[in-house]
Every structure is written in C-alpha cells, then in structure tokens.
Ligand SMILES: [Zn+2]
C-alpha cells in the first residue's frame, strides 16, 4: 500500500473528518514522529490522544483497546511520551495502529515539579496549536524542552519562560519588545506594563503611566531568549522572572481559548517549592 502524507489533504478536508471523495482510500497508513500532548480514557477500553506530530502537526487520534492491550501500546500513550507511530484513517478518525516509544523521559517522571512543567508545556502547545498544520520549529522546541527537563537536576522556572517566549514567537503571538504595544513608540526610555492588565505587551512611559516598570535587564533576557536556541543558557533573577512572567502570562491569556488545567497544577507545585 502506498503511503500518503496527510498534509496532501490540507485545505481539502479536515484532518479529523475526511470525506470519502477527498480520501477514497480510507485505510491508508502513515508513519510519523509524535509527542503525546493530551490523553484521556474513552469508553471502557479506548484512549483518545492528542498528538503533536512532526509531519502533520496536531492530530487527535483514537487508540482502540489501548487500556487493555499492553502488547500494542504499553506505556506509549502517556502524556509527553515521544513516539514513532503508525496511524491510519478509518471512518473519519485518525486511528493509532501501533506505537514505538522513543523515550518516555524517565528523568521527568520521577520528579513532581518536572512533571508539572512538562505537562504545562504540552497543555499550552495543545491550546495554541491549530489542528493538522505541521510546524517543525515548534515540534523541535517542545522536544528540546522535554529533553532539557529530562536531564536537568531541577525544573528551572527560567526555562519555562524561555519556552513560552519562543513558543509565542514561532506562532506569531510574541509581545513586542522594542515598541509600545499601544502607540508604537520605541521603548528607549524604559518599558511598563498596563496598570489595569487590559493590554498585553510592553508600554512606553506615557501609555503605561501608573503601571509597573519592567527592568531593562528583563527585556534584554527575553530578547536573548529568542536569540539563543538552547535551554539552560538564560537565567532570570526572581524579580526578572516576576516581570517577564507577568508580560508572558498576559500574552498567553490573550490567545488561549480555554483554562489551562496544567497551569493550576504547576502553580501549586511552585507554591510548595
Ligand atoms: Zn505608548
């Protein structure tokens, strides 16, 4: 059977509801690399998983019998596992035929704080990614973050912010770091946050009157986060984390359409530490 990349179908019909006219060979299969970014039990024996695949972007798939068939899936469908998959389409659903585990990131799974950070990164990616559009830069970013968490001794909150600004940047949602978000003036005289929190982005002194001032070092660290491609290279101080975090949180809130469950868990873990 000839393999056809699903990206051929983009723009013709939706990846999760493909019609017979657009896709007459409904049993066609494809191999892909994936990270599990969401997983839920479905009916008695099945699982519905959200996959971020390198080749086809975000897909929702069903793994029939996954809860019972250890032989076919083992622990492969756990959140943030990295896999090689064989997927197929039948009756309009992406079906998982088999999965090989590349890694389950064992260094993350023994540490609650790391689990919270990895789970949040997956949930945020899920919330912001459109379905069925490949984005190899974002796939590599998430994979690099998970690899870094896996081998680090601790989950560093600086890495979370590094991930967020790069994620927003790749998706075209990044707050401006050089110009006022309201009047577009150059931020040469400093940067402020909107006092009422209604505008996400950095503001000039005039537009941000009464708001919190953001240190130049924070803005520079955010800029550097975009320039260096490696996790672990940028360290924010607690004050810089606070300021950068407020800016990034508001930018994320603007684009996320649902509450991020993983964020509540992450905050809980951070409060404990
Ligand atoms: Zn302004």
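May I ask you to list the residues in the range 192-201 that are more than 17 Å from residue 255 (Cβ to Cβ), more than 10 Å from the ligand (Cβ to nearest atom) and buried (at least 19 other Cβ atoms within 10 Å of the Cβ)?
Correct list: 193 only.
Those residues that are at pLDDT below 95 and within 28 Å of the chain's Cα centre (by Cα), I need them from the range 197-210; list them, please. 197, 198, 199, 200, 201 - these are the residues of the range 197-210 that are at pLDDT below 95 and within 28 Å of the chain's Cα centre (by Cα). Screening residue 119 with (1) within 12 Å of the chain's Cα centre (by Cα); (2) more than 16 Å from residue 80 (Cβ to Cβ) gives one miss only, at (2).
Determine, yes or no, whether residue 190 is modelled with pLDDT under 95 and farther than 30 Å from residue 115 by Cβ. Reasoning before the result, please.
Working: modelled with pLDDT under 95: yes; farther than 30 Å from residue 115 by Cβ: yes.
Yes; evaluated as a whole, the condition is true for this residue.
Any residue at all in the range 165-173 that's out of contact with any helix residue (DSSP H, G or I) (no Cβ under 8 Å at 6 or more places or on another chain) and either loosely packed, with under 13 Cβ neighbours inside 10 Å or free of Cβ contacts under 8 Å to residues at least 60 places away in the same chain (or both)? It would help to see each step written out before you state the result.
Filtering the range 165-173 for residues out of contact with any helix residue (DSSP H, G or I) (no Cβ under 8 Å at 6 or more places or on another chain) gives 172.
Keeping just the survivors that are either loosely packed, with under 13 Cβ neighbours inside 10 Å or free of Cβ contacts under 8 Å to residues at least 60 places away in the same chain (or both) gives 172.
Yes, the conditions are met somewhere in the range 165-173.
Residues of the range 202-218 that are near the ligand (Cβ under 10 Å from one of its atoms), part of a loop (DSSP other than H, G, I, E, B) and either touching a strand residue (DSSP E or B) at 6+ places or on another chain (Cβ under 8 Å) or at positive phi (or both): 202, 204, 205, 207, 208, 209. Restrict the check to the range 190-198 and report whether at least one residue is over 22 Å from residue 257 (Cβ atoms), in contact (Cβ under 8 Å) with a residue 24 or more places away in the chain, touching a strand residue (DSSP E or B) at 6+ places or on another chain (Cβ under 7 Å) and assigned to a strand (DSSP E or B). Yes, the range 190-198 has at least one match.
If the condition is being in a loop (DSSP other than H, G, I, E, B), within 10 Å of the ligand (Cβ to nearest atom) and within 20 Å of residue 226 (Cα to Cα), then the range 173-189 contributes 180, 181, 187.
Residues that are in a strand (DSSP E or B) and in contact with a helix residue (DSSP H, G or I) (Cβ under 9 Å, 6 or more places away or on another chain) were ranked within the range 98-138; the one that is farthest from residue 31 (Cα to Cα) is 103.
The values are calculated or read from the model by the stated rules, or taken from the named source; none is laboratory data. These figures come from a predicted structure and were not determined experimentally. With ideal geometry, Cβ positions are generated from the backbone for all residues, glycine too; neighbour counts draw on all protein chains shown.
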